[in-house]
Amino acid sequence: MPHSPVSDTQFQTGLAALEGILASQSGRAGSGAEAEAKLLVERMFPGFGSAYDLYLDRQRDMVETIKFGNLVKKDGGYTTWYSGPKTSVGEWPSYRKLLESRLPTSAVQGIDDSTTRILSRCANPKEPGDRRKGLVIGYVQSGKTANYAGLVAKAVDAGYRIVVVLAGMYTNLRAQTQARLEADLNVNDATDKAGIAWSLLTDRDSDIGPKINVGFIANTGNVAIMIVKKHESRLANVAKFLQSIPEETRRNRAVLIIDDESDQATPNTQSDRDLVSTINQRVRDIWKEVRTGTYVAYTATPFANMFIDPNDDEDLYPDDFAMVLPKPEGYMGADSFFNVAQNADAGEDEAIYSLAHVVDPEEAETLVPKGRNIDTFEPEVTESLDDAIRWFIIATAIRQLRTGKASHSSMLLHTSHRVAAHQLVKDAVADFTAGLALNRDDEESSFHEVFAREAGSASTLQPDAVMPAWGEVWAKIREIIGRLTVKIDNGLSDDRLSYPDDSPQFVIAIGGGTLSRGLTLEGLVVSYFLRTSNTYDTLLQMGRWFGFRPGYQDLARVWVGPGLLEEYGHLAQVEREIRSEVAVLEAEGKTPRDLAIRVRTHPGRLQITRAGAMTNTLVVHAGLGGTRRQTIYLDRSSSGTEKSQAAARQLVSAAQRRVGSRYIKQTGSKAAHGSQVFVGVTNDELVEFLKQYWVATADPWLQASAMKTWLSEHGDGVTWNLVLVSGPARLGSFEYAPEIGVGRVSRAPLAEAFWTPERLPDAPPDGSDVVNIRALMSSGDSLLDLQILSENGALEDPQGLLDEADTNEINSVRAVRRKLAPKTGVILLYAVAGDSQPLAKSKSRRPMACDSDLIGLGVIYPHAENEDDGEFIAADVRPVVSDDESDKATAFTDTEGDYDPEAK
């Protein structure tokens, strides 16, 4: 309801009375009757007349908004109100100058552009009653704080007058954010900046208190800002502060709520601890007190936010917008360290692991406490941890030699969430590093072995970087080796991480929950990570090694526990797809309420997020059009290979009977071993093939019954291209039929230490011998059929779409297929060599060791014009017990003081 002297209830009652009066006077039409009726209601509710006039203006604006195609909202529509930032005097110009002194021009422009886009979707601070909720998706350790600081600066320049930053669940994280925003926004500067005066309601040592004088809010030039921990009493204090502001003033003082790490605790989790749900209620209470303003959820792991009940208007579902921050230049994310989905061909699928090492399972057991009795835990510095610590010291020395100065340098050591274990690990590591320092003269050969093995293994990431000679490196190691410190950062620690500007720190940080989210480890070079989790968001947030490594990208390393390489590789794919979905949503002018954001499920043990945050989700049969699926689980038993080969040969035989339907990719003199395409495979033939071919239940959409159901809805007029994918000639050939041979491909399965069939959601068939090959398809295979047809003159591509397509980008592939072959799906068969071997250096793979070749299956669904994308896709949810119990228990103990301006 627009700004007026009447309350919302009075206005709605008056509006109903007005409509009743006009209805009873149906014989009288025109403005005169309406004016008389309005006058009568005005006598009952003084101020109604002006409010009604403004209401009519709003209705006309909404009609025009819809008519001219501006952004549409659930209540009818709104126009974009923000025309851009101030450029000379104001909070944003000041902040931009600060950014320009720290960041390259492209990064500053990226923050400028993205914050303008975000603010344009936020509520108009000059429109009392305008309230909006949105979601901003960044990357783990990617500079979200810099972005929302820019949003705050622009919002204040535009008229927002109350800023609430919800800064995580830990005291040290809140203090870190407080210090950062104080410095970046220069809120302690008493200088008059374009008529704005900051009023800071928290400080670095004290959170918001229960009683705050709100008189200063009456002055339109005053801006209240508070950085608040997600603690029940602190959030209640924020709600009290807003309640104490007079109603009329509150309507005209727009509130900007920034919820940093918004997926943590804010979403309601019915199956989680009561305290977490209480936090959700407290954030709702704050939002309820906002008359004009915006709630913006910032997170790199938005799963829980996207699964909030969209039908609960009081909750915090991002009704009005979802946006993706651009990937900053130089950022190293999950795909930098772990993604192998794009490089499945033999010889390529281990290349990305130049930054990542797998810890042997026996070593992992030494460093992770088992059971409840911590007294039996005796950690030691294992061979891989020895290598990791030595490389940390070496990399720190190389970085100093490159830059000519000492900078903060950190190593993350995260083996357990249990606080009691951290001290024991610290003792072992501290003894080891002390021994290195005291015996440095005897350690050169051991350091040199690690240097020789690691120094050039990732040089392609930074080809212009100088790699100093070993003599220089060793001299620098001798200089810094005695300056290492080992610190614990957890909920009970009294010697937590600190990075003074004037004192470079060389620190090995040991911890649990506080090192899993939000906290920045300055100059992080090495991570040794054995911690596991059942959920996407927790795994991603624990990846503190993600971020910027300017000048030392090639030096970054991570050692991870068994199975984590596979899981992080999957998450890299999930991240790309979600960001692509949200980008399309924004480009099409849709909101998350119009079209829910889909999330790919994991074919194994991982759940998307904690069970309590998924109570409003559905496993739906939607969104398959244009997507690809592949079998990563293959049965190498004799019955399994016989069954898969028979199904494949039957399908090829049916396709072969079509005269003139076969096309071959020319590969020099060995044309017969090129990949081949058969066109015109029918829906029935595909379903019959799937009945004969075994697919693990982990992929429900490749089951024959599910495919038949999908085709009954979307398969009208659809045909399929059958692609027999050919590998390199050196691997030998496989014949599907006489004179129809292809080169085999190599797909070595994961070693037993990293995957066994017990990790499948359902037991495999009796007598089977199932292996996990991690990835079957290469990214280029998504357009292979169209490329072969084009080469053979059987497909026209006048615009050169195939040449310009980015096969690593799902939307690029979808767009090309929709343009060139919208009613054509693809079936890809791979002859996987039974004697597939892992690369020589691989520790995560094993030989296939199968007497016969296996058949792998990939499917690319045709475009589905009428497919409903408007629901969530999520896995069946099983209860998940939080794996951060020890750290969470301490995190909720609020020992932080209240902010007292009189004591400062």
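Overview of results
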quantity: Of all residues in segment 433-449 being part of a helix (DSSP H, G or I) and buried (at least 18 other Cβ atoms within 10 Å of the Cβ), the one that is farthest from the chain's Cα centre (by Cα); calculated: Leu436
quantity: Some residue of segment 210-223 being among the aliphatic types (A, V, I, L, M) and in contact with a Phe, Trp or Tyr (Cβ under 6 Å, 6 or more places away or on another chain); calculated: yes
quantity: Single condition Val718 does not satisfy, out of (1) among the β-branched types (Val, Ile, Thr); (2) more than 20 Å from Ala821 (Cβ to Cβ); (3) crowded, with 18+ Cβ neighbours inside 10 Å; calculated: (2)
quantity: Any hit, segment 461-483, residues being within 25 Å of Arg531 (Cβ to Cβ) and surrounded by fewer than 20 Cβ atoms within 10 Å (Cβ to Cβ); calculated: no
quantity: Filter pass, Ile394 being touching a helix residue (DSSP H, G or I) at 6+ places or on another chain (Cβ under 8 Å), outside any loop (DSSP other than H, G, I, E, B) and modelled with pLDDT of 85 or more; calculated: yes
quantity: Counted residues, segment 279-315 - those being in contact with a strand residue (DSSP E or B) (Cβ under 6 Å, 6 or more places away or on another chain) and more than 20 Å from Thr115 (Cβ to Cβ); calculated: 2
quantity: Filtered residues of segment 95-145 (kept if of a type in the set (Ser, Thr, Tyr) and surrounded by 20 or more Cβ atoms within 10 Å (Cβ to Cβ)); calculated: Tyr95, Thr115, Tyr139, Ser142, Thr145
quantity: Residue selected from segment 266-295 under the condition outside any loop (DSSP other than H, G, I, E, B) and modelled with pLDDT under 75, by the criterion surrounded by the most Cβ atoms within 10 Å (Cβ to Cβ); calculated: Val276
quantity: Test result for Thr202, over 21 Å from Val290 (Cβ atoms) and among the β-branched types (Val, Ile, Thr); calculated: no
quantity: Residues of segment 391-429 satisfying the condition of being over 23 Å from Asp489 (Cα atoms), among the charged types (D, E, K, R) and surrounded by fewer than 18 Cβ atoms within 10 Å (Cβ to Cβ); calculated: Arg402, Lys405
quantity: Residue satisfying condition, being among the small types (Gly, Ala, Ser) and not assigned by TED's automatic domain parsing to the domain that holds Ile257, within set Gly84, Gly110, Gly143; calculated: Gly84
quantity: Lone qualifier among Ser88, Ser94 - being out of contact with any Gly (no Cβ under 8 Å at 6 or more places or on another chain) and modelled with pLDDT of 90 or more; calculated: Ser94
quantity: Count - residues of segment 89-130 that are under 14 Å from Thr294 (Cβ atoms), without any contact (Cβ under 8 Å) to a residue 40 or more places away in the chain and not hydrophobic (A, V, I, L, M, F, W, C); calculated: 1
quantity: Residue match in segment 678-691 (condition: in a loop (DSSP other than H, G, I, E, B) and under 23 Å from Ser661 (Cβ atoms)); calculated: yes
quantity: Within segment 461-473, considering residues that are free of Cβ contacts under 8 Å to residues at least 40 places away in the same chain and assigned to a helix (DSSP H, G or I), the one nearest to Gly330 (Cα to Cα); calculated: Trp470
quantity: Set Asp869, Asp887, Asp876, Asp894: member being modelled with pLDDT under 95, in contact with a helix residue (DSSP H, G or I) (Cβ under 6 Å, 6 or more places away or on another chain) and not aliphatic (A, V, I, L, M); calculated: Asp887
quantity: Selection count, segment 179-203, where residues are within 18 Å of Glu522 (Cβ to Cβ) and either among the aliphatic types (A, V, I, L, M) or buried (at least 24 other Cβ atoms within 10 Å of the Cβ) (or both); calculated: 3
quantity: Residue among Lys86, Lys154, Lys133 that alone is assigned to a helix (DSSP H, G or I) and either free of Cβ contacts under 8 Å to residues at least 60 places away in the same chain or touching a Phe, Trp or Tyr at 6+ places or on another chain (Cβ under 6 Å) (or both); calculated: Lys154
quantity: Hits in segment 204-217 - residues which are surrounded by fewer than 19 Cβ atoms within 10 Å (Cβ to Cβ) and either under 21 Å from Glu91 (Cβ atoms) or in contact (Cβ under 8 Å) with a residue 60 or more places away in the chain (or both); calculated: Arg204, Asp205, Ser206, Gly209, Pro210, Phe216
quantity: Residue list for segment 449-470, restricted to those being out of contact with any helix residue (DSSP H, G or I) (no Cβ under 7 Å at 6 or more places or on another chain) and of a type outside the set (A, V, I, L, M, F, W, C); calculated: Glu449, Arg453, Gly456, Thr460, Pro463, Asp464
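Conditions tested, residue by residue: (1) at pLDDT below 95; (2) under 25 Å from Ser644 (Cβ atoms).
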| position | (1), (2) |
| --- | --- |
| Thr807 | yes, no |
| Val813 | yes, no |
| Lys819 | yes, no |
| Leu828 | no, yes |
| Ala849 | no, yes |
| Val859 | no, yes |
| Pro862 | yes, yes |
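The values are calculated or read from the model by the stated rules, or taken from the named source; none is laboratory data. It should be emphasised that the depicted structure is a prediction, and the values quoted were computed from it without experimental measurement. All Cβ positions, glycine included, derive from the backbone under ideal geometry; neighbour counts span all protein chains shown.
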